[in-house]
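Asker: Sharing a structure with you now.
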Amino acid sequence: MLRSTMLSKGVITGLLVLTSVGGANAALANEAAPISNAAVSHSSLALAHGVALQAGDQAHVMSDGMPIHINVVLKMRQQAELEQVAGLVRSRVRQPLTDRELAARYLPDHGDAMRVSNFLRAHGFSQIYVSKDNMIVSASGTAANVQSAFQTRLYSLHRGDKAGVANVDVVQIPSSLAGVISAVHGLRSFQERGVSGAKVATIIKGHSYGKDKGVPGAQSSAGTVACQECVHAPTDFPSLYGASNLAPANGQAVAVIGVGDQRNTTYLYQTWASAYGFNAIPLKVSYPTGYTAGDYEAQTEAVLDVDAVATMSGGLKEIDFYSAPSTDLGDELAAVTAAINDNRSTISLSYAATCDADIGQDLRRSWDQELSVAVAKGFTVFAITQDYGGKPGCSGGESSTGFPGSSPYVVSVGASTLYNSANSYSAYDHETLWQGSESGPAATEPRPHYQDAVASVVGAMRGTPDFVMDGDPNTGLWIIIGGYDSTGTYQTQWAVYGGTSLAAPLLAGTYARLLQSGIPPYFWQKTFYDIGEGQVKGIRGDCINCYNLLTGGSNGAYSVVPGKYNQASGWGSWNAGALATGMQFQR
């Protein structure tokens, strides 16, 4: 049924609901198509087509005053060459590039960034931020400012379980900026929005709440324990993953990427650390492109990430939290860019779009452009695959993995179910695949060379994940979460969380310990795969147990092949102490 007011051919006001692709509704949809692909003037360049409405969509054109946040990505110089250099760095053939080398040959010119900034300001945008590498110009404005600058109106669009902004018309830029601007993000957030990978436990095994104090019940370190599929305290994880025999990462810093107002994160983290007798790691929060005060929607994700990094690192020089103004993947990219520009060599990212097949190629290019800079600088980004299992309902069923976890420039992280031994919560027994862990081939990213040894498994496309760590919420981590009640009083409580959002920061914290042990901060993907191949084939005696190869499990699309690399769980999880030794031999 069509509920709208048709003012003239192709012009729609009110709420548009398409429930059929046949008959009159199809004709009306076709009438709207010329708007979405309007002719571009000779003085402008088209960057993206308008979004064509589909059956079942609910859409209305946004009013002029509706707020919009955009990220304009500039073109890099010699992009293909930089990608080749990044490949040499991650294969350890050459040293990472310095900031000066990057700026001299590859990064956009500051003058061009200022031209884009001035263009946006002239069309009414404000709160304009230019990234240190001149790669991204972020700005806040309104739907009217967008139409003035980019010649497109905006829908507020609901499509299935996705909702957000969609550009009605072709996105245009002046021809004078055609050699400068690569993409404009924020104009189709309905399909380019990241989602937190944090999941709350439904079963609490092996522990009891101390209801009088609000603290988890004590656990024994020896003797018979209450369960093997247990929730875990932070004191368990370093032992379970072989990191406790490595020195704490006191000289390292880890960057965590989050969203929204983080004014309560430090308090929650310090309260949690105090409950376990830890010295709190300094937590530095920054907002590279602004934020909305009182936006606490992503607070629990932030606390989970920080607690997990602290858990596995054993201590850090600092945790640097970069908070984006929204979960739009353009905003997330700007936050990651800030961390890279600040030379944070270890970065944890727990937001992803669940179906990388549904991500536009311009957004893929923007992420790969910035992530290739990270690799060329020798930095490592740990990114989740997401939590919707092997069949999350992607368009056309093309892919079941998350983005940007599908990028060849990240360590892609899925999730496992971790079992401790019957004698100790902190003694490792085995792992299986958590059924919610996404995996599978990337939709458009070809298989990178470091996966050539497993080409028979992954095929022609980049396979994900590379690794898993514990992420089953029911074997997850105790954290403290908080929120304001109806009286405005801030309340805290204990909870157990998992998801791929637990797995990625656990791996990032472990990696910080590896760096502290003397491993240089390179992008070690090729080494990771060499070690795995050697372990499975039994050809490298220095690393026969670097990885905990999973024993079973399925996400509905892919199943674990015990003892081997597989599309469900990659190489499994890390045995950190053995891996540190093995990586030293790879130098």
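Asker: (1) at pLDDT 95 or above; (2) among the aromatic types (F, W, Y); (3) within 24 Å of M135 (Cβ to Cβ); (4) more than 17 Å from the chain's Cα centre (by Cα): which one isn't true of Y322, the others all being true?
Answerer: It fails just one condition, (4).
Asker: Could you check, for segment 336-343, whether at least one of its residues is farther than 15 Å from P408 by Cα, within 13 Å of the chain's Cα centre (by Cα) and open to solvent by less than 10 Å² (accessible area, probe 1.4 Å)?
Answerer: Yes, segment 336-343 contains a residue that is farther than 15 Å from P408 by Cα, within 13 Å of the chain's Cα centre (by Cα) and open to solvent by less than 10 Å² (accessible area, probe 1.4 Å).
Asker: Confirm whether S366 is at negative phi, among the polar types (S, T, N, Q) and in a strand (DSSP E or B).
Answerer: Working: at negative phi: yes; among the polar types (S, T, N, Q): yes; in a strand (DSSP E or B): no.
So S366 fails the test.
Asker: Next question. Can you pull out every residue in segment 518-535 that is open to solvent by 50 Å² or more (accessible area, probe 1.4 Å) and in contact with a strand residue (DSSP E or B) (Cβ under 9 Å, 6 or more places away or on another chain)?
Answerer: Scanning segment 518-535 gives a single hit, P521.
Asker: Those residues that are open to solvent by less than 10 Å² (accessible area, probe 1.4 Å) and among the hydroxyl-bearing types (S, T, Y), I need them from segment 555-585; list them, please.
Answerer: S569, S573
Asker: Would you please name the residue that is surrounded by the fewest Cβ atoms within 10 Å (Cβ to Cβ), looking only at residues in segment 409-418 that are within 21 Å of Y351 (Cβ to Cβ) and hydroxyl-bearing (S, T, Y)?
Answerer: Going through the qualifying residues, I end up with Y409.
Asker: State all residues of segment 278-299 that are modelled with pLDDT of 95 or more, under 19 Å from the mean Cα position of the chain (by Cα), outside any strand (DSSP E or B) and surrounded by fewer than 21 Cβ atoms within 10 Å (Cβ to Cβ); if no residue qualifies, say none.
Answerer: Within segment 278-299, Y287 is the sole residue that qualifies.
Asker: So the check is Cβ under 9 Å with 6+ separation or different chains; which pairs have a first residue in segment 417-439 that's over 20 Å from A243 (Cα atoms) and a second one that's among the basic types (K, R)?
Answerer: G436/K199
Asker: If you don't mind, another one. When K317 is evaluated against the numbered criteria (1) within 15 Å of the chain's Cα centre (by Cα); (2) open to solvent by 10 Å² or more (accessible area, probe 1.4 Å); (3) not hydroxyl-bearing (S, T, Y), which criterion, by number, is the only one it fails?
Answerer: Here K317 meets the rest and fails (1).
Asker: Of (1) surrounded by fewer than 24 Cβ atoms within 10 Å (Cβ to Cβ); (2) within 15 Å of the chain's Cα centre (by Cα); (3) on the phi > 0 side of the Ramachandran plot, G396 satisfies all except one. Which?
Answerer: Answer for G396: the failing condition is (2).
Conditions (1) of a type in the set (D, E); (2) touching a helix residue (DSSP H, G or I) at 6+ places or on another chain (Cβ under 7 Å); (3) within 30 Å of R263 (Cβ to Cβ); (4) at pLDDT below 95, marked per residue:
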site	(1), (2), (3), (4)
S407	no, yes, no, no
W434	no, no, no, no
P465	no, no, no, no
N474	no, no, no, yes
W478	no, no, yes, yes
Y484	no, no, yes, yes
Y490	no, no, yes, yes
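Asker: Condition first: of a type in the set (V, I, T) and open to solvent by 30 Å² or more (accessible area, probe 1.4 Å). Can you find one or more residues in segment 168-186 that meet it?
Answerer: no
Asker: State all residues of segment 444-460 that are among the hydrophobic types (A, V, I, L, M, F, W, C) and either modelled with pLDDT of 95 or more or within 17 Å of V413 (Cα to Cα) (or both); if no residue qualifies, say none.
Answerer: Hits for segment 444-460 are V454, A455, V457, V458, A460.
Asker: If you don't mind, there's one more thing I want to ask. For segment 347-354, check the following and say yes or no: at least one residue is in a helix (DSSP H, G or I), under 15 Å from the mean Cα position of the chain (by Cα) and of a type in the set (V, I, T).
Answerer: no
Asker: Of the numbered conditions (1) aliphatic (A, V, I, L, M); (2) surrounded by fewer than 14 Cβ atoms within 10 Å (Cβ to Cβ); (3) at pLDDT 95 or above, V93 satisfies every one except a single condition; which is it?
Answerer: For V93, the exception is condition (3).
Asker: Identify, from the list D472, D452, D466, the residue that is among the charged types (D, E, K, R) and without any contact (Cβ under 8 Å) to a residue 40 or more places away in the chain.
Answerer: D452
Asker: Can you confirm whether Y511 is part of a helix (DSSP H, G or I) and either modelled with pLDDT under 95 or open to solvent by 30 Å² or more (accessible area, probe 1.4 Å) (or both)?
Answerer: When the stated conditions are applied, Y511 does not pass them.
Asker: Taking only pairs six or more apart or across chains, which ones have beta-carbon atoms under 8 Å, a first residue in segment 110-129 that is free of Cβ contacts under 8 Å to residues at least 40 places away in the same chain and under 21 Å from Y287 (Cα atoms), and a second residue that is open to solvent by 40 Å² or more (accessible area, probe 1.4 Å) and basic (K, R)?
Answerer: Short answer, once both residue conditions are applied: I128/R121.
Asker: When you go through A308, A357 one by one, which is the residue that is assigned to a helix (DSSP H, G or I), of a type in the set (A, V, I, L, M, F, W, C) and surrounded by fewer than 24 Cβ atoms within 10 Å (Cβ to Cβ)?
Answerer: A357
Asker: Here is a follow-up. Of all the residues that make up segment 245-277, how many are surrounded by 21 or more Cβ atoms within 10 Å (Cβ to Cβ) and polar (S, T, N, Q)?
Answerer: Qualifying residue count, segment 245-277: 3.
Asker: With respect to V51, determine if the residue is at pLDDT 90 or above and either touching a Phe, Trp or Tyr at 6+ places or on another chain (Cβ under 9 Å) or assigned to a strand (DSSP E or B) (or both). Outline the logic, then answer.
Answerer: Working: at pLDDT 90 or above: yes; either touching a Phe, Trp or Tyr at 6+ places or on another chain (Cβ under 9 Å) or assigned to a strand (DSSP E or B) (or both): yes.
The answer is yes for V51.
Asker: Right, something else. What are the residues in segment 148-167 that are under 29 Å from D109 (Cα atoms) and open to solvent by 20 Å² or more (accessible area, probe 1.4 Å), if any?
Answerer: S148, Q151
Asker: Related question: I'd like the full set of residues that are closer than 20 Å to D356 by Cβ and in contact with a Leu (Cβ under 6 Å, 6 or more places away or on another chain), limited to segment 408-432. Full working, then the answer.
Answerer: Filtering segment 408-432 for residues closer than 20 Å to D356 by Cβ gives 408-415.
Y409, V413, listed by residue number.
Asker: Is it fair to say S412 is under 12 Å from the mean Cα position of the chain (by Cα), at pLDDT 95 or above and within 25 Å of Y291 (Cβ to Cβ)?
Answerer: When the stated conditions are applied, S412 does not pass them.
The values are calculated or read from the model by the stated rules, or taken from the named source; none is laboratory data. Treat the numbers as computed from the prediction; the structure is a model and nothing was measured. Glycine gets a Cβ as well: all are built from the backbone with ideal geometry, and neighbour counts include every protein chain shown. Calculation scope for accessible area: heavy atoms of the full protein, side chains included, ligands and nucleic acids excluded. Shrake-Rupley method; radii C 1.70, N 1.55, O 1.52, S 1.80 Å.
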